[in-house]
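Chemist: Structure below; questions to follow.
The values are calculated or read from the model by the stated rules, or taken from the named source; none is laboratory data. These figures come from a predicted structure and were not determined experimentally. Using ideal geometry, Cβ is built from the backbone for each residue, glycine included, and neighbour counts are taken over all protein chains shown.
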Amino acid sequence: MDPGHLFETLHGDDVTSWVSVCPRGLWKVQQKQPHKWSQQTLGGGASCSSSNCPRLGSLCQVRVRLKANPDEAESLGSEKGNEQSVQPDQCVAEAEATAFQRCQDSVLQVPLGDWTTLRLGEGQCDITEACLEGMRAGEKCEIIISPLENGLDVSVPDLEEKLPLWATVELKAFTPGKESWAMSPVEKCQWVKTHKERGGVRFRSGDVWGAADSYSRALKILITLHGYAKEVGKKGQLQGAEEQRDTNTADETQQLPSANEFKTIKAELHSNMSLCQLKLNQPQRAKASATKATHLEPGGAKAWYRMGKACQMLNELEEARQAFMKLLELQPESPSGLKALKDIANREKEKNTQLGLRLSKMFS
């Protein structure tokens, strides 16, 4: 497949493109700017939503359908029966987000052909959510999806034969959401916690790309809390936390983290990102993430170990040794730390042996 030829298929000022994360890696997405569908086509559901685009936390009623080719007038599986799956007087505000598991062999991550309710910002289906961010109720867009070179393992049976993928995304209605700047610190902390927990679940299930995306989303929101964390550190959190708890109707007793807890959470997220980057064979990025984690939390043993592993992969053996020595200062009996130092010693011995052989050949 020639990606350059593929992306020439959609062209013009009404086309945008980006790289998206899916369970099996990175995908190139091209999107034609959406065009409005009539309320009759969508069953009048657009009247339930705001006139603006969905924002963080918006519940979105969406339908995704594959197309056999770009010239196909209607997507596959677009039987008329599906048009009746959402009642005209049903408002998306009454619905809950549809629960479905991310699977390794699915790119779009949504049930195809049926109306589905998603909560924007959760990262459940990255490509679909990215499309929704720029759409209005009653609009439809067309997308082309193909794997990014060197960024995807396309080992799923028969997946290669189906590439590139053509699809349409329809937005029926959505509830109001919020921009990050309009959210209270309590709301932001809840999003950070949710993304962090979801990242752990995804990593344990083998969805490393998805885990990295979740940790990245958490860090982006956490950055917006930097000023508040400094304020907490200066004045204490009691009064500010009381005021913010009043704005959180979901949990009036929710406590905001202290300044030190903010720092610890941020360090853990960077450390977790480093682990994902090691698994994805990105040692330079893994080293950078681990470095940030150790600066924030010098006592984080996992971050020092991950920095050492990243330096090993980069063949920076002295830096790796220092990282593992720091780990052993924190955990003197760490089996992984002791083994890592032994591995470095063996690699240095082998390196010196090879250097000696080359020098002997030069002067023999």
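Chemist: With Val154, Val169, Val201 as the choices, which residue is within 16 Å of Leu108 (Cα to Cα) and either surrounded by fewer than 18 Cβ atoms within 10 Å (Cβ to Cβ) or modelled with pLDDT under 90 (or both)?
Modeler: Exactly one of Val154, Val169, Val201 is within 16 Å of Leu108 (Cα to Cα) and either surrounded by fewer than 18 Cβ atoms within 10 Å (Cβ to Cβ) or modelled with pLDDT under 90 (or both), namely Val154.
Chemist: Output the number of residues of region 216-257 satisfying the condition of being part of a helix (DSSP H, G or I) and either under 30 Å from Cys22 (Cα atoms) or modelled with pLDDT of 90 or more (or both).
Modeler: Counting residues in region 216-257 that are part of a helix (DSSP H, G or I) and either under 30 Å from Cys22 (Cα atoms) or modelled with pLDDT of 90 or more (or both) gives 9.
Chemist: Something else: Within region 258-317, work out how many residues are in a helix (DSSP H, G or I) and in contact (Cβ under 8 Å) with a residue 60 or more places away in the chain.
Modeler: Summing the residues that are in a helix (DSSP H, G or I) and in contact (Cβ under 8 Å) with a residue 60 or more places away in the chain in region 258-317 gives 9.
Chemist: Could I ask something else about it? Which of the residues belonging to region 320-342 are surrounded by fewer than 15 Cβ atoms within 10 Å (Cβ to Cβ) and among the charged types (D, E, K, R)?
Modeler: Glu329, Glu333, Lys339, Lys342
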